[in-house]
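Below: one structure, written as structure tokens.
The values are calculated or read from the model by the stated rules, or taken from the named source; none is laboratory data. Just so we're clear, the structure is a prediction, and the values are computed from it rather than from any experiment. Every residue, glycine as well, gets a Cβ built from its backbone with ideal geometry; the counts of neighbours run over all protein chains shown.
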């Protein structure tokens, strides 16, 4: 394009600086996690990885891990299924309330999570349900299933309806069409949506805070410790949490990569 | 095919519709009812009154509202200015670097907000990454950049950066290249192209990005607590206090309803002006 | 009166990484002429026009508009305008706003803009009521006219066209070709047009420039290119043609190493200017070839078998297989069509004055 060289270089530089800026705090936490001192000051005088060891051994941390994991896994599975169908309703089928539906789906995303968490707490209370990690699953779903729906919907938009129609024309039932045509075509979208769902649930704080009740997730514990009763385990636990996310992200990316060549029905982009 | 479509469409929407009905709309309804319950009760079976709303207006809770909205608007404005060049680059200039930035930004979203804000505390505090190293290398010291209003806005800008960036990228990508070139060819300067072509045609992206950042920032809590040390109490904080320490669910509900109404009407207004099929499908109808 | 050219290109080149999209282009465009640049896709014509308009930068070379060097000038400062292939109409503005856009940029007041817009609507045969119409509501042909009106609005010196008609159906294209020609005559502006359709070029232009792989092969009026192509490529580009590789003989005749040509011309070989041992390509247009009946003579004669006949309305095309296997094309007007059958033995003939010799360097 017509952009002068200097401007183009400046733009690239801007991009790189932005990325550095985004990761700076994470780098700080990283440094802190390997500091030997109990109370944090920079520059770090002595390095030690003992806090990681303590974190992994701590039964509190193990419980937190378990809770976070359970919530995230359940949320992932459910939101993937719900999102798959929701995406079809969003982008693919022309039905009467589609436009309203589209707007409705967006509302939970545009909603302050803290308020949502509190609202759900009251709702559970009104229903007589005791908050636990299971109720947190519901809370996460409210926010995350619209997101998975949108992610899969993006894929559903570029999907050629002629493929489904052809299958039907050849005699396939609705269920078969979904299994043989729609499913495989949307699979990459579903996988990336699932990835998003897990990671967003794993790191979520505001919703978990109010709806987990006696149980506690990793982010909740971190927050509590940051606000009062600081523990030197905080940076290490934080980094461990991030590490889990990264491992999962890689798994997801590898899964996506494995899925690609096998997809024979490469959806044609119209226009 | 059409009638089948209608039926399947409806059925497909059912699962998520159900979730939202039961866990989103119902709780909102509950809050609505609680907001007109008398003070400090925990059951819905009371005679409605508007005492909570009266409290909100007389006891100066509107100050928190103003702080929240003020900071949200400031951070949204700042975000628009800093994200636009990057979004433009990603949509029109960069090729594979676009993907790099996308992944880099998305990965930060997967790191819990707490951890990232904590990281800023570590970076900006006295004895932190910046001040500590500065002191050791140059002897220059400062009190630490935390516990004031600007750093809260900074935190908001940081936290909601992706929510402005990605919609902007989508919006700018919708501006046809040839329209920009034609405008230039017809005599438009760079600024005129921006004003006459870029802005109007990327409006859907701007609206969604701005709305998203504003709404999320208005309801945010962590930034003011962790970075601001509560020099300013934001509305979400007041709501939480009312529900937990204050033991006053009706008050909390009333505050929530006011927040929801303001944010809700903005969202509904903004989203109704945007053609979602267009911005998500990328097709011009 | 030999006028100063309005646009002059000197050794313009454009390089992308490892290949040259344009190599040392030299061109002079006269004021008020309708020049069409024709070439297959990838020949560089779009790149050239974008460089002339200012949307892309050249790697080397100079461009003069009258007496001013413009190659470093940005697009918005050049007194030129382009009609894009996609038309590039602003979807968020009405017809009238689109047309007035260049005037609004130049800070003309609304009354004058409106008057000029109305003037242009008239010029392009669009009703005045179109002023408020949304672009999305306009048909293909209507959009074309809006794009033209917008391009003319600020009175540019040169208007460039990037294959604007290629997306339209046949009837619409034909109509617009005539209108463009008409517009050119009425406005007297310099039009530089690109297309891959030879026919379009021949209908509308004063001169045609044939482009191939970043270079101009030939720039001349249509008839000149047709009758006297300078290269094999141009000859083939201009339509169905019979080409024979020949060599000059010592006696001033011709020796073909493809089809066996019985040259009956005696000393007419020297008319073709091929010296002994020199190679050339003999160009024979299908319509100049005739079926020979017994007793007739011609300068060149070929024997063969009629393999195919295609009735194309006003003309009929024939394919004849010569004795050595080569295929020749013959074209006759319907009223002169061959009265024999496919499979018949035939004799084809043509005269020297209908041929052209290409001597490729």
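Of note:
- For the stretch C:167-186, the tally of residues that are surrounded by 13 or more Cβ atoms within 10 Å (Cβ to Cβ) and farther than 15 Å from residue C:35 by Cα stands at 8.
- Screening the candidates B:169, B:215, B:232 for the property of being surrounded by fewer than 21 Cβ atoms within 10 Å (Cβ to Cβ) and in contact with a helix residue (DSSP H, G or I) (Cβ under 6 Å, 6 or more places away or on another chain) yields one hit, B:232.
- Helices (runs of 4 or more DSSP H) fully within the stretch A:132-177 counting 1 or more residues that are touching a helix residue (DSSP H, G or I) at 6+ places or on another chain (Cβ under 9 Å), more than 10 Å from chain B (Cβ to nearest Cβ) and at pLDDT 90 or above: A:133-157
- Residues being assigned to a loop (DSSP other than H, G, I, E, B) and more than 25 Å from residue A:110 (Cα to Cα) - total across the stretch B:1-54: 15
- Output for the stretch C:320-360, where each listed residue is part of a strand (DSSP E or B), over 26 Å from the mean Cα position of the chain (by Cα) and surrounded by 12 or more Cβ atoms within 10 Å (Cβ to Cβ): C:320, C:321, C:322, C:327, C:346, C:347, C:348, C:349, C:350
- For the stretch B:59-66, the criterion of being outside any helix (DSSP H, G or I), more than 13 Å from chain A (Cβ to nearest Cβ) and more than 13 Å from residue B:259 (Cβ to Cβ) is met by at least one residue.
Rundown of residues vs (1) more than 8 Å from chain A (Cβ to nearest Cβ); (2) touching a residue at least 24 places away in the same chain (Cβ under 8 Å); (3) at negative phi; (4) in a helix (DSSP H, G or I), yes/no style:
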site	(1), (2), (3), (4)
B:57	yes, no, yes, yes
B:71	yes, yes, yes, yes
B:74	yes, yes, yes, yes
B:77	yes, no, yes, yes
B:101	no, no, yes, yes
B:104	no, no, yes, yes
B:114	no, yes, yes, yes
B:117	no, yes, yes, yes
B:120	no, yes, yes, yes
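- Verdict on residue B:195 being within 17 Å of the chain's Cα centre (by Cα) and assigned to a helix (DSSP H, G or I): no
- Among the candidates A:237, A:181, the residue that is over 17 Å from residue A:72 (Cα atoms), in contact with a helix residue (DSSP H, G or I) (Cβ under 6 Å, 6 or more places away or on another chain) and surrounded by 22 or more Cβ atoms within 10 Å (Cβ to Cβ) is uniquely A:237.
- Restricting A:129, A:75, A:115 to residues that are free of Cβ contacts under 8 Å to residues at least 60 places away in the same chain and more than 7 Å from chain B (Cβ to nearest Cβ) narrows the list to A:129.
- Which numbered condition residue B:142 misses (of (1) without any contact (Cβ under 8 Å) to a residue 60 or more places away in the chain; (2) under 30 Å from residue A:232 (Cα atoms); (3) more than 7 Å from every other protein chain (Cβ to nearest Cβ); (4) part of a helix (DSSP H, G or I)): (4)
- Subset of the stretch C:139-168 (residues that are assigned to a loop (DSSP other than H, G, I, E, B), in contact with a helix residue (DSSP H, G or I) (Cβ under 6 Å, 6 or more places away or on another chain) and under 20 Å from residue C:97 (Cα atoms)): C:154
- Test for residue A:43: is it within 23 Å of residue B:127 (Cβ to Cβ), within 10 Å of another protein chain (Cβ to nearest Cβ) and under 22 Å from the mean Cα position of the chain (by Cα): no
- Within the stretch B:236-250, being without any contact (Cβ under 8 Å) to a residue 40 or more places away in the chain and within 11 Å of chain A (Cβ to nearest Cβ) holds for B:239, B:240, B:241, B:242, B:243, B:244.
- Test: residue in the stretch C:34-54 that is more than 22 Å from the chain's Cα centre (by Cα) and either touching a residue at least 60 places away in the same chain (Cβ under 8 Å) or outside any strand (DSSP E or B) (or both): yes
- Residue A:51 being surrounded by 17 or more Cβ atoms within 10 Å (Cβ to Cβ) and outside any helix (DSSP H, G or I): no
- Some residue of the stretch A:86-93 being under 22 Å from residue B:11 (Cα atoms), outside any helix (DSSP H, G or I), modelled with pLDDT of 85 or more and within 7 Å of chain B (Cβ to nearest Cβ): no
- The single condition among (1) within 13 Å of chain A (Cβ to nearest Cβ); (2) in contact with a helix residue (DSSP H, G or I) (Cβ under 7 Å, 6 or more places away or on another chain) that residue B:136 does not meet is (2).
- Number of the exception - residue A:122 against (1) at the interface with another protein chain (Cβ under 9 Å from one of its Cβ atoms); (2) closer than 23 Å to residue A:76 by Cα; (3) modelled with pLDDT under 85; (4) not in a loop (DSSP other than H, G, I, E, B): (2)
- Residues in the stretch C:287-318 that are within 23 Å of residue C:227 (Cβ to Cβ) and assigned to a strand (DSSP E or B): C:290, C:291, C:300, C:301, C:302, C:312, C:315, C:316, C:317, C:318.
- Search result, residues across the stretch A:94-103 that are assigned to a helix (DSSP H, G or I), at the interface with chain B (Cβ under 7 Å from one of its Cβ atoms) and either in contact with a strand residue (DSSP E or B) (Cβ under 9 Å, 6 or more places away or on another chain) or surrounded by fewer than 19 Cβ atoms within 10 Å (Cβ to Cβ) (or both): A:103
- With respect to being surrounded by fewer than 24 Cβ atoms within 10 Å (Cβ to Cβ), under 16 Å from the mean Cα position of the chain (by Cα) and more than 7 Å from chain B (Cβ to nearest Cβ), residue A:70 fits the description.
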